[in-house]
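Heads up: the structure comes next, in structure tokens.
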Amino acid sequence: MTNKNDFDFSDQTKTYDDIESLNNDLLQSETDLLPEINQDLLEGANNDETVSSKQNTNQIGNFNNTSNKNQNNEEISADGIVIQRSKLILMKQLIENIKESSDKLSQLLSVYDLDENVKHITIGQLSEEKIIKPREETAKIIEGVFDGEKMIGPDGKQYSVPANYASKSKLVEGDILKLTITKDGTFVYKQIGPIERRRVVGTLNKEEDGAYYVSANNKKWRVLTASVTYFKGKPGDEAVILIPKTGESKWAAVENIISKIS
């Protein structure tokens, strides 16, 4: 069960990129505007006496709680600091940008159920955790039926099963397999649904084309060459095979081969 404090970003691929974009925009606004504003404030503080002189000369009367304009279209605060009107506009723009970014971030995060403990996490605590991007799909999984030699997928496609794996696992026609195709194209099989089996004892034979089969009770079943090679079987040897408990099959898995005494 997933803890409510663990957020799953797998279906929110765009969320991380949106937050990262907003963060970059905000940092850029601060980079562009703050140096100019800081410089104006510094110059204004150094020219405090000049500002006071201008106020007396121009008889600028009652200052309100915000600011007044002088003849150079500059804003003069009650503290006597001169700031160009254009810079005040930039300051206002920065504040609006921060508010807009904050609103968008709140909207993006509103889809998550945050309990009271999570809401009180500080920025310092968050900085200690790594932000993990949504995990990209790295593997393709297909389930299918083993036909004795290959796996048949739900789309009817045939997928090659390594003979050594089928032989070692003693796969029987009708077994359910899971195929994982990794990002680099590697095929990894796993038997997830073995069918019921029964044993049959028969005789190992070889066709003219080199294919091996086991015959018993007037029937015959194909077997993998890899299995015969593993047990060092030869035509005429006694073979113990596994076949589906019910139904007909063309293939069998070799469980053992008993060599014929010369």
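Just so you know, in the stretch 202-217 the residues that are buried (at least 19 other Cβ atoms within 10 Å of the Cβ) and not aromatic (Phe, Trp, Tyr) include one that is nearest to Asp237 (Cα to Cα), and it is Leu204.
Mind telling me which of the residues Ile258, Ile195, Ile243 ends up being over 40 Å from the mean Cα position of the chain (by Cα), closer than 19 Å to Gly144 by Cα and β-branched (Val, Ile, Thr)? Spell out the reasoning first.
Numbers: Ile258 fails: closer than 19 Å to Gly144 by Cα; Ile195 fails: over 40 Å from the mean Cα position of the chain (by Cα).
Unique residue meeting the criteria: Ile243.
Of all residues in the stretch 196-225 being in contact with a Lys or Arg (Cβ under 8 Å, 6 or more places away or on another chain) and part of a loop (DSSP other than H, G, I, E, B), which is farthest from Glu248 (Cα to Cα)? Only one residue fits best here, namely Ala211.
Here's the yes/no breakdown for (1) among the small types (Gly, Ala, Ser); (2) without any contact (Cβ under 8 Å) to a residue 24 or more places away in the chain; (3) outside the structural domain of Gly144 (by TED's automatic domain parsing):
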residue: Pro162; (1), (2), (3): no, no, no
residue: Ala166; (1), (2), (3): yes, no, no
residue: Val172; (1), (2), (3): no, no, no
residue: Thr186; (1), (2), (3): no, yes, no
residue: Glu207; (1), (2), (3): no, yes, yes
residue: Lys232; (1), (2), (3): no, no, yes
residue: Leu242; (1), (2), (3): no, no, yes
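Just name the residue that is farthest from Phe146 (Cα to Cα) out of those in the stretch 177-192 that are surrounded by 15 or more Cβ atoms within 10 Å (Cβ to Cβ) and of a type in the set (A, V, I, L, M, F, W, C). Going through the qualifying residues, I end up with Phe187.
Exactly one residue out of Val172, Val228 is part of a loop (DSSP other than H, G, I, E, B), on the phi < 0 side of the Ramachandran plot, touching a strand residue (DSSP E or B) at 6+ places or on another chain (Cβ under 7 Å) and surrounded by 15 or more Cβ atoms within 10 Å (Cβ to Cβ): that is Val172.
The values are calculated or read from the model by the stated rules, or taken from the named source; none is laboratory data. Treat the numbers as computed from the prediction; the structure is a model and nothing was measured. All Cβ positions, glycine included, derive from the backbone under ideal geometry; neighbour counts span all protein chains shown.
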